Amino acid sequence: MKTEGTALAQGLIRCHDCGSLTRQTAKPLVCKICGNHLHARLPNSFQRTLALLISGYALYIPANIFPIMTVSRLGVGEPHTIVGGIIELIHSDMIPIAILVFVASVLVPLLKLLGISLLLLNVYCRWQINARLWTVIYRIIAFVGRWSMLDIFMISILVSLVDLGGVSQVIAGPAATAFAAVVVLTMFAAKSFDPRLIWDNQRSL
Amino acid sequence: MNKIPFDACPECDLLINPALPVVGEKAHCPRCGYLLQRPRKESIDRTFALSVAGLIVMFPANLLPLVGIKFLSNTRDGTLWSGVISLFAEDMWAVAILVFLSSILFPVLNIVLSLLISGHLYFNRPNPHLTAWMRWLQHIDEWAMLEIYALSIIVACVKLASMAELKFGFGLYAFIALLVITAMLASSMDQYLFWQRIDQLNRKNRHEN
């Protein structure tokens, strides 16, 4: 046996968790080391990622339309959307924080949704592309997604601290749930996407 | 069962001869550049020591107030839990559960599982649950978000600084220590070595029985 080509081409399956190789003909098809069920590629990777991605897009809309939190001062409520909160930060001269929040809660989720869509298109249309570059894009998407939780954590801190009865209060809005769902769904979508699919389609390797 | 003497890249499935890097070297996949192995100095000992330290710091970080505000003679202290409780009280249970999982439960599980695994490896004790623990640890890894929580504390403080007086509790120092320990834990743990050692222990155990 030579070490040419992929493990699958040689009839070997890599365990997702512990990384050991097993012959495809082994019965039952379980990893000898960790007892995990074996799959050559993540099962239904394309369909799962697509389903999670569509749900992510759908929830991205309410996440941006509805207020993410309501700040009330002396009984007067002032609802903020995600973008509204950033604009207010700019007005109060907190530009670095505004940029940080903009990147974490607007740019990252949007680029993530678009990035995963492109990855899926890539696999679906069997584009002959620079697979190494697209693997790097996949890695960036998988790494960066969790940073969108910044806004959710910030709301939880503000809600617990700014609760001074009638004087001042922060209440979380409906967009918080939608936004949290977008973050979780896109994280699951990145996790269920199997980057080996990009490589499987390349003819010239 | 003869072991197959190859490795495969998890991201491009290229079949490769196992690289045997020494401490300080890194083994990358020649085709896609994935970081395959990165041996660490005294990986098991350090992981064990760090997870014991994490276990100690975990309690003050979770129980003591992180940040407090003072506003017109009203004071409020915030712990890791109070955000979850306030969200729950406002009927935002989905967000509350997510915050609870990613800022409290998974970071704690991360440390407990690291302690259990590295402890068993350190004392050479086989345990039938080792493989399951190791798998859970790998799966919860990206859902433990202490570093993001730390950044959001900073953002929240900057937002509040103009309207109220802030004071930092002892819990915050414990939280920062926990954050540093968790980061060091992630970099000291050599998963390739850990799986090898778990396999060795299990084989030895089966042999003896």
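Worth pointing out:
- So residue A:59, is it free of Cβ contacts under 8 Å to residues at least 24 places away in the same chain and either more than 8 Å from chain B (Cβ to nearest Cβ) or touching a Leu at 6+ places or on another chain (Cβ under 6 Å) (or both): no
- Restricting segment A:10-35 to residues that are more than 7 Å from every other protein chain (Cβ to nearest Cβ) and polar (S, T, N, Q), the residue that is nearest to residue B:192 (Cα to Cα): A:20
- Any pair with Cβ under 7 angstrom, 6 or more apart, that starts in segment A:121-137 at a residue that is farther than 13 Å from residue A:200 by Cβ and ends at one that is of a type outside the set (S, T, N, Q): A:132/B:32; A:132/B:33; A:137/A:115
- Qualifying residues in segment B:67-98 (those that are more than 18 Å from residue A:167 (Cα to Cα) and in contact (Cβ under 8 Å) with a residue 60 or more places away in the chain) - the one farthest from the chain's Cα centre (by Cα): B:67
- Among the residues of segment A:160-183, the ones that are at pLDDT 90 or above and within 7 Å of another protein chain (Cβ to nearest Cβ) come to 3 in all.
- When segment A:62-76 is filtered for residues that are in contact (Cβ under 8 Å) with a residue 24 or more places away in the chain and surrounded by fewer than 18 Cβ atoms within 10 Å (Cβ to Cβ), the ones remaining, listed by number, are A:62, A:65, A:66, A:70, A:72, A:73, A:74, A:75.
- In segment B:135-154, residue farthest from residue B:100 (Cα to Cα) [restricted to those that are facing chain A (nearest Cβ under 7 Å) and at pLDDT 90 or above]: B:135
- Flag if residue A:145 is at pLDDT below 90, within 10 Å of chain B (Cβ to nearest Cβ) and on the phi > 0 side of the Ramachandran plot: no
- Filtering segment B:75-107 to residues that are of a type in the set (A, V, I, L, M) and either on the phi > 0 side of the Ramachandran plot or buried (at least 17 other Cβ atoms within 10 Å of the Cβ) (or both) leaves B:80, B:84, B:87, B:92, B:95, B:96, B:98, B:99, B:101, B:104.
- Within segment A:48-80, the set of residues being within 20 Å of residue A:185 (Cβ to Cβ) and of a type in the set (Ser, Thr, Tyr) comprises A:49, A:55, A:57, A:60.
The values are calculated or read from the model by the stated rules, or taken from the named source; none is laboratory data. Everything quoted here is computed from the prediction, not taken from an experiment. Using ideal geometry, Cβ is built from the backbone for each residue, glycine included, and neighbour counts are taken over all protein chains shown.
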